[in-house]
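Read through the structure below, which is laid out as structure tokens, and then see the notes.
The values are calculated or read from the model by the stated rules, or taken from the named source; none is laboratory data. In this text the structure is predicted, and so the values were computed from the model without any measurement. Note that we place each Cβ from the backbone using ideal geometry, even for glycine, and neighbour counts take in every protein chain shown. The accessibility values were calculated without ligands, DNA or RNA, using every heavy atom of the protein model including side chains. Shrake-Rupley method; radii C 1.70, N 1.55, O 1.52, S 1.80 Å.
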Amino acid sequence: MNVLLLGSGGREHAFAYFIAQSKQLDKLFIAPGNAGTAQIGSNVNLNPLDFNAVWEFCIANSIELLVPGNEDPLVHGIVDFINGKCSDSNIKISVAGPDKFASQLEGSKSFAKEFMMQNNIPTASYKKFDIHNIEEIEPFLETLSAPYVLKADGLAAGKGVIITDNFDEALNVCREMISNKTFGEASSTVVVEEFLHGIEISVFVVSDGKDYHILGSAKDYKRILEDDQGPNTGGMGSVSPVPFADEEFIEKVKSQIIEPSLNGLSTAGHPYKGFMFLGLMNDAGNPKVIEYNVRMGDPETESIFPRLKTDMLDMLEGVANEKLGKVEFSLDERTAVCVFLVSEGYPGSVKKGIPISITRSTNNDDQFVFHAGTKKQDEQIVTNGGRVIAVTTLADTLLEARENTYSAIEGIQFNGKNYRKDIGNDLIRFVK
Ligand code: AMP
Ligand code: GLY
């Protein structure tokens, strides 16, 4: 099978790595990819948002399976586009992702909130505002207690959520988001919602629209500094599974969130095919949805996929062709700890092109080095972004996995290498 994977992060290197383990694979292309994916398949200089170019490439290279890694192409409707082209031309390309309608779960916060209300899915209470009801923001904020949570409706590259304790600031920022379009069109509508207390956890699901499997739970570490201090990043590390996500909690996630979500989409005529990433708050044992994402997480993928014993192409093909029920699923019971090495200055501006020395690059059953912001310059691998390389280790215990990941990090050097030294620390108290 020839496969085209879209994206260039650590998540895509992880996808590429496990796709390449499958006996079914003939050729793997990654657009645009990074220095890690180039070691496994062929990187292609193609913009994933240029759907016509993606289609032309698929035809020219006899692609049978298209795998969008990140949300942008999904939210912009790549699945509908490729399916439409296929039915016009009688060509079959399987696409492992949700359609444009279902992708609104991530693409529009207000769509997601309305969907949850309609399907009785537990989430924070909310109200949406735009230029027409801007005067109703103040009375609504008065019904809430601090902290106040404001969310740009559309995609805002992870920056569209503002949480503040200050009532006046919340009011002013919310008005400005709408009238000054602080986040462009993404904030012409704003969702204001109740602050949820508890511990955050993510649960990952894969579905073909008929059947689903849980790929496990994970926690990511979003802030740049230890003890969750400093500005937000794309993610500094992850752990899977999360020790407090016990069977009872996961059962609640299934019955109160996953099944009503999948059923709600089927009823709406858009059965969900793809990965569903549920950002949850564990409120004293009760799960509430903070957000939906319509793709895998980064860096959660780097700790979830190493635990997955299922053949990746069987799974992706099953998703696209409603055959997931026939795919055998099993997860490694061990714990995976992933730590991201980032460039100096990240999440602010960073220097690129810094040489990287890797003396520990061989991926094996227990340890993985996933590239993100890297590229090859002549024969040298150099940095090419803020998040550079993710290192993951699987071990019987969280402590051991953490220790092995931190020791492997010593084998990867570049000037300005930075990373959090406390990944997983907060979870140790939950380990039985
Ligand atoms: P989102 O993009 O919706 O996931 O929000 C980004 C982050 O803001 C989440 O990962 C949470 O840490 C925090 N957050 C969002 N909504 C809430 C909420 N209602 N209560 C508490 N924290 C929230
Ligand atoms: N780790 C968060 C995300 O992928 O959105």
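Figures for the structure shown
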quantity: Complete set of residues in region 274-320 that are within 17 Å of residue 25 (Cβ to Cβ) and open to solvent by less than 40 Å² (accessible area, probe 1.4 Å); calculated: 305, 308, 310, 312, 313, 315, 316, 318, 319, 320
quantity: Scope region 189-212; condition of a type in the set (S, T, N, Q) and either farther than 24 Å from residue 167 by Cα or part of a strand (DSSP E or B) (or both); matching residues; calculated: 202, 207
quantity: Long-range neighbours under 7 Å by Cβ, at least six apart or interchain, first residue closer than 15 Å to residue 370 by Cα within region 397-423, second charged (D, E, K, R); calculated: 408/360; 411/360; 412/360
quantity: Only one of 377, 367 that is buried (at least 16 other Cβ atoms within 10 Å of the Cβ), more than 20 Å from residue 430 (Cα to Cα), modelled with pLDDT under 95 and not β-branched (Val, Ile, Thr); calculated: 367
quantity: Per-region count, region 177-200, residues at positive phi and either more than 16 Å from ligand 1 (Cβ to nearest atom) or of a type in the set (A, V, I, L, M, F, W, C) (or both); calculated: 2
quantity: Residue 159 out of contact with any helix residue (DSSP H, G or I) (no Cβ under 9 Å at 6 or more places or on another chain), of a type in the set (Lys, Arg) and modelled with pLDDT under 90; calculated: yes
quantity: Pair list, Cβ under 9 Å, 6 or more apart: region 362-382 residue under 15 Å from residue 298 (Cα atoms), other residue loosely packed, with under 13 Cβ neighbours inside 10 Å; calculated: 369/362
quantity: Strands (runs of 3 or more DSSP E) lying entirely in region 213-305 (those with 1 or more residues that are among the aliphatic types (A, V, I, L, M) and at negative phi); calculated: 223-225, 237-240, 273-283, 286-293
quantity: Residues of region 223-249 that turn out to be more than 15 Å from the chain's Cα centre (by Cα) and open to solvent by less than 60 Å² (accessible area, probe 1.4 Å), as a count; calculated: 8
quantity: Residue within region 116-136 that is open to solvent by 70 Å² or more (accessible area, probe 1.4 Å), closer than 26 Å to residue 223 by Cα and modelled with pLDDT of 90 or more present; calculated: no
quantity: Contacts under 9 angstrom Cβ, first residue in region 147-176 being at positive phi, partner more than 10 Å from ligand 1 (Cβ to nearest atom) and among the β-branched types (Val, Ile, Thr), 6 or more apart; calculated: 158/233
quantity: Selected residue [surrounded by fewer than 22 Cβ atoms within 10 Å (Cβ to Cβ), part of a loop (DSSP other than H, G, I, E, B) and within 25 Å of the chain's Cα centre (by Cα)] from 348, 353; calculated: 348
quantity: Any hit, region 392-411, residues being at pLDDT below 95, open to solvent by less than 30 Å² (accessible area, probe 1.4 Å) and assigned to a loop (DSSP other than H, G, I, E, B); calculated: yes
quantity: Qualifying positions in region 80-115 - closer than 12 Å to residue 294 by Cα, buried (at least 19 other Cβ atoms within 10 Å of the Cβ) and in contact with a helix residue (DSSP H, G or I) (Cβ under 7 Å, 6 or more places away or on another chain); calculated: 96, 97, 98, 99, 102, 103, 104, 105, 106, 107, 112
quantity: Residue within region 169-179 that is under 30 Å from residue 270 (Cα atoms), acidic (Asp, Glu) and more than 16 Å from ligand 2 (Cβ to nearest atom) present; calculated: no
quantity: Pairs with Cβ under 8 Å, 6+ apart, first in region 285-305 and closer than 16 Å to residue 114 by Cα, second within 14 Å of ligand 1 (Cβ to nearest atom) and among the polar types (S, T, N, Q); calculated: 288/123; 289/123; 290/123
quantity: Residues that are within 16 Å of ligand 1 (Cβ to nearest atom) and open to solvent by 50 Å² or more (accessible area, probe 1.4 Å), drawn from region 255-273; calculated: none
quantity: Filtered residues of region 140-168 (kept if among the hydrophobic types (A, V, I, L, M, F, W, C) and either within 16 Å of ligand 2 (Cβ to nearest atom) or within 30 Å of residue 77 (Cβ to Cβ) (or both)); calculated: 149, 150, 152, 155, 156, 157, 161, 162
quantity: Number of positions in region 248-299 that are within 16 Å of ligand 2 (Cβ to nearest atom) and either over 28 Å from residue 340 (Cα atoms) or touching a Cys at 6+ places or on another chain (Cβ under 6 Å) (or both); calculated: 1
quantity: Selection count where residues are under 15 Å from the mean Cα position of the chain (by Cα) and of a type in the set (D, E, K, R), scope region 273-312; calculated: 5
quantity: Residue 81 aromatic (Phe, Trp, Tyr) and under 19 Å from residue 206 (Cα atoms); calculated: no
quantity: Region 189-222, subset small (Gly, Ala, Ser) and touching a residue at least 40 places away in the same chain (Cβ under 8 Å), residue most open to solvent (accessible area, probe 1.4 Å); calculated: 198
quantity: Helices (runs of 4 or more DSSP H) completely within region 1-76 that count 3 or more residues being more than 16 Å from ligand 2 (Cβ to nearest atom); calculated: 10-19, 51-60
